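The values are calculated or read from the model by the stated rules, or taken from the named source; none is laboratory data. Quantities reported herein were computed from a predicted structural model and do not represent experimental measurements. The protein model used for the area step is the full one, side chains on, heavy atoms only, and it has no ligands, DNA or RNA in it. Shrake-Rupley method; radii C 1.70, N 1.55, O 1.52, S 1.80 Å.
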Amino acid sequence: NIVKAFHKKAALGFFIFIGIIFILYYFGLAKYITLANVKSNATYLKEQVRENYLGSVVGFILFSAALMMLTLPLTGPIAVCGGFLFGLWPGVLYSMIGVMIGIAISFLMVRYALSHVMRHKYGQQLVSFNERMQAYGHTYLISLQLLTVVPYFIINTLAALANVPFHTFMWTTVIGSLPIV
């Protein structure tokens, strides 16, 4: 029953997220979410951060998490925006929090809500990934992320399907993401 409840919540969260993305594109708001717009609205954004620092931090973390749930390679641009808005070290911290929340949700969605579909799609790669995980352990995950040859989406999906422990996935992702941030 607990697993069913989690699946329902994960599916609901996934559909809400897809709905948000749809709304952003349907109403044309997605075109405003670019680095060029951040740059052109620099004064306004900095003023908003000064006036409502906590709200800005929470909004930035949630926005970063939402972008990372899409599993796009946006860690670098997120960190640049975080550094621009909040300063170097707070920006790195807030970026990493948002990135890790988004990646964690993505990992859990693949593992518990989408595994039956994803196993079929990535079955061949999963066999190879499992063999390398058996041979090299967590070092393999860190190496894949640091080399940036394999897209994060693939690494995250295969790790979720291969039953890599959640805590192992998270700490290896932090280490693998830090050089980008």
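When the chain is fully extended, how far beyond the present Cα-Cα distance does Arg132 get from Ala42, taking 0.36 nm per residue of separation?
27.8 nm
Counting only C-alpha contacts under 8 Å and six or more residues apart, can you give the relative contact order of segment 105-181 as a whole percent? Once normalised by length, the contact order is 42 percent.
Rounded if a/c is under 1.5, else prolate if a/b is larger than b/c, else oblate: which is segment 48-153, with a ≥ b ≥ c the root eigenvalues of its Cα gyration tensor? Prolate, since a/c reaches 1.5 and a/b exceeds b/c. Within the accessible area of segment 106-159, what % is carbon and sulfur when the probe is 1.4 Å and the other protein chains stay in place? Solvent-exposed carbon and sulfur of segment 106-159 make up 60 percent of the total.
Counting every C-alpha pair in segment 116-181, the share spaced more than 17 angstrom apart comes to 34%. What a 1.4 Å probe finds exposed on segment 51-96 is 81% carbon and sulfur by accessible area, rounded to a whole percent.
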